[in-house]
Amino acid sequence: MTATPSDKRALVLFSGGQDSTTCLAWALRRFPEVETVGFDYGQRHAVELECRAGIREALSRPGGLGEGRLGPDHRIELAAIGQISETALTRDVEIAVSASGLPTTFVPGRNLVFLAFAAALAYRRGCRHIVLGVCETDYSGYPDCRDDTIKAMQVALNLGLEARLVLHTPLMWRDKAETFALAESIGGAELLRLIVEATHTCYLGDRSRLHEWGYGCGSCPACRLRADGFARWRAATGR
C-alpha cells in the first residue's frame with residue numbers, strides 16, 4: 001500500500017558513514033518521522049553496512065535524537081552496480097586518478113541509481129523529503145555529487161513520479177571540518193563521539209585501528225579527508 005505523502009516524514013540515505021550519520025541527525029532535528037535506507041552494491045567497504053544498526057540503536061535510546069522519531073530501516077540490494085562497474089570501490093584495484101581525471105573510486109551512476117530507488121521507496125512510504133550527504137566542497141570531483149546534478153534529479157524524479165519530493169543536501173557547501181562542527185551543534189559531544197567511534201568511511205574497510213577521527217587505514221583518500229577535517233575542526237575550536 002502507498003502511504004499518503006506527508007511533509008512530516010523524511011527518508012535519509014544512510015550508509016553508516018560520517019556524512020550520512022550527520023545528515024540523519026540533521027533530519028531527526030527537523031522531521032517528526034524519519035526512515036532510513038541503505039544500499040548494498042558490492043562495495044569494497046561493505047563493513048559500513050554493518051555499522052548502521054548500532055548507530056540507529058544509539059540514536060533511538062531514551063533521550064536520544066531519534067527517540068520517538070526514528071522509524072523503519074530499509075536495505076536495498078543493488079549488486080548490479082558492482083557487476084557492471086570497474087572501480088576501486090567495487091574491485092580490488094589501486095585507488096588512483098584515472099585518465100578521465102576522476103579518481104578510480106568514482107562509481108558511474110551510483111548516486112543517480114540510489115536516488116531513483118530512494119524516491120520510489122519514499123513515494124510508497126509517503127516520505128515527501130529525501131535527505132542525502134553529497135557534498136561539492138570536500139569531495140573527489142564526483143559529478144553525481146554536484147549541486148546541479150541533485151537539482152536536475154529532483155526535477156526528473158518529480159516529473160517521473162508525478163510527485164512533489166524535496167531533496168535536501170545539508171552538507172553540499174560544507175567541508176569536513178564544518179561537518180564535524182555541524183554534528184556537534186546538533187548533538188553535542190555525544191553525537192561527535194558516536195560519529196568518531198561508530199561510523200565508517202575508509203574505502204578499504206579497515207576497522208582495525210581507531211584514530212582520533214575514527215576507524216580506518218589512515219592512508220586512503222577517504223581517511224585522509226576525514227583526518228584533515230577533524231584536525232581543522234580541532235584547530236578552529238581550540239580543542
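Every read-out reported here was derived from the displayed coordinates using simple, explicitly stated rules and does not represent laboratory data. Given the structure is predicted, the values throughout are model-derived calculations rather than measurements. Backbone-built Cβ (ideal geometry, glycine too); neighbour counts: all protein chains shown.
The figures follow:
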{"read-out": "Residue among 52, 29 that alone is of a type in the set (Lys, Arg) and surrounded by fewer than 20 Cβ atoms within 10 Å (Cβ to Cβ)", "value": "29"}
{"read-out": "Residue list for segment 149-165, restricted to those being over 18 Å from the mean Cα position of the chain (by Cα), exposed (fewer than 14 other Cβ atoms within 10 Å of the Cβ) and not small (Gly, Ala, Ser)", "value": "155, 159, 162, 164"}
{"read-out": "Condition check for residue 63: surrounded by 13 or more Cβ atoms within 10 Å (Cβ to Cβ) and outside any strand (DSSP E or B)", "value": "no"}
{"read-out": "From 157, 225, 192, residue being part of a helix (DSSP H, G or I), closer than 28 Å to residue 7 by Cβ and not small (Gly, Ala, Ser)", "value": "157"}
{"read-out": "Positions within segment 166-177 being without any contact (Cβ under 8 Å) to a residue 60 or more places away in the chain, of a type in the set (A, V, I, L, M) and crowded, with 17+ Cβ neighbours inside 10 Å, in sequence order", "value": "167, 172, 177"}
{"read-out": "Hey, residue 97 closer than 22 Å to residue 229 by Cβ, surrounded by fewer than 16 Cβ atoms within 10 Å (Cβ to Cβ) and either acidic (Asp, Glu) or free of Cβ contacts under 8 Å to residues at least 24 places away in the same chain (or both) or not", "value": "yes"}
